[in-house]
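The values are calculated or read from the model by the stated rules, or taken from the named source; none is laboratory data. Note that the structure is predicted; figures quoted are calculated from it, not measured. Please note: Cβ atoms are built from the backbone with ideal geometry, for glycine as well, and neighbour counts cover all protein chains shown. Note: areas computed on protein heavy atoms with side chains; ligands, DNA, RNA excluded. Shrake-Rupley method; radii C 1.70, N 1.55, O 1.52, S 1.80 Å.
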Amino acid sequence: MKNCSAVMEKYLGLDKGENVPLLMTLHLLLCENCRNEVRSLKKAESAATKSFGEEVLVNDDSIAAVMKKIYASDESMENPISLPKWILGGIAMLLLFVVFAIFSRQIESAAFKICVSLEFAAMITIYCALFIRGNIDFFVKLINTKIGDKHSDCRSSLFGSDSRGI
């Protein structure tokens, strides 16, 4: 519980759009209480930012310029490495593995093959870790969506079509 409060304190200190650190993400994936608390915070945030049907007209150019800068900064927070680049990197790694497999048949040294295999394992691990680090928000949202769907299915089967249990 002491670790949970420290994790939640760090989570609340993150800026909106900032990537969640890897250790914090691992804790959120493994700790159901913290995950539920983060989910509740997200729901509260979406409810607080929901439009109440009242539109405010922006006629002042300075407000429009500020809003344009805000939206531009949100876009710069996106993942700097696009998915096609990740795919190309993975394909290049696979081609390297195939080329090595073809040429390693001529090498007799088992120690050399083990060393190179360990280097390949390290490359795959680093590639996967960087991919997950760069796209962790997507994975957390996906997990939250899947968990939320399971909970709503359970509620609807217990309480009928109304998932609130009323």
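Data table
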quantity: Some residue of segment 40-47 being open to solvent by less than 60 Å² (accessible area, probe 1.4 Å) and under 17 Å from Ile136 (Cα atoms); calculated: no
quantity: Segment 134-153 residues that are under 12 Å from Leu28 (Cα atoms), paired with ones that are modelled with pLDDT of 80 or more and open to solvent by less than 50 Å² (accessible area, probe 1.4 Å) (beta carbon under 6 Å, 6 or more apart); calculated: Ile136/Val20; Ile136/Thr25; Asn144/Arg39
quantity: Close pairs from segment 96-118: first free of Cβ contacts under 8 Å to residues at least 40 places away in the same chain, partner aromatic (Phe, Trp, Tyr), Cβ under 7 Å, at least 6 apart; calculated: Phe97/Phe120; Val116/Phe100
quantity: Residue check for Glu55: modelled with pLDDT under 75 and loosely packed, with under 12 Cβ neighbours inside 10 Å; calculated: yes
quantity: Subset of segment 2-18 [assigned to a helix (DSSP H, G or I), of a type outside the set (Asp, Glu) and either open to solvent by 100 Å² or more (accessible area, probe 1.4 Å) or over 23 Å from Ile70 (Cβ atoms) (or both)]; calculated: Lys2, Asn3, Cys4, Ser5, Ala6, Val7, Met8, Lys10, Leu12
quantity: Residue match in segment 21-37 (condition: modelled with pLDDT under 85 and either farther than 25 Å from Arg133 by Cβ or assigned to a loop (DSSP other than H, G, I, E, B) (or both)); calculated: no
quantity: Test for Val116: is it touching a Ser or Thr at 6+ places or on another chain (Cβ under 8 Å) and more than 30 Å from Leu29 (Cβ to Cβ); calculated: yes
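Residues checked against (1) over 14 Å from the mean Cα position of the chain (by Cα); (2) not aliphatic (A, V, I, L, M):
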position: Leu29; (1), (2): no, no
position: Glu32; (1), (2): yes, yes
position: Lys42; (1), (2): yes, yes
position: Ala48; (1), (2): yes, no
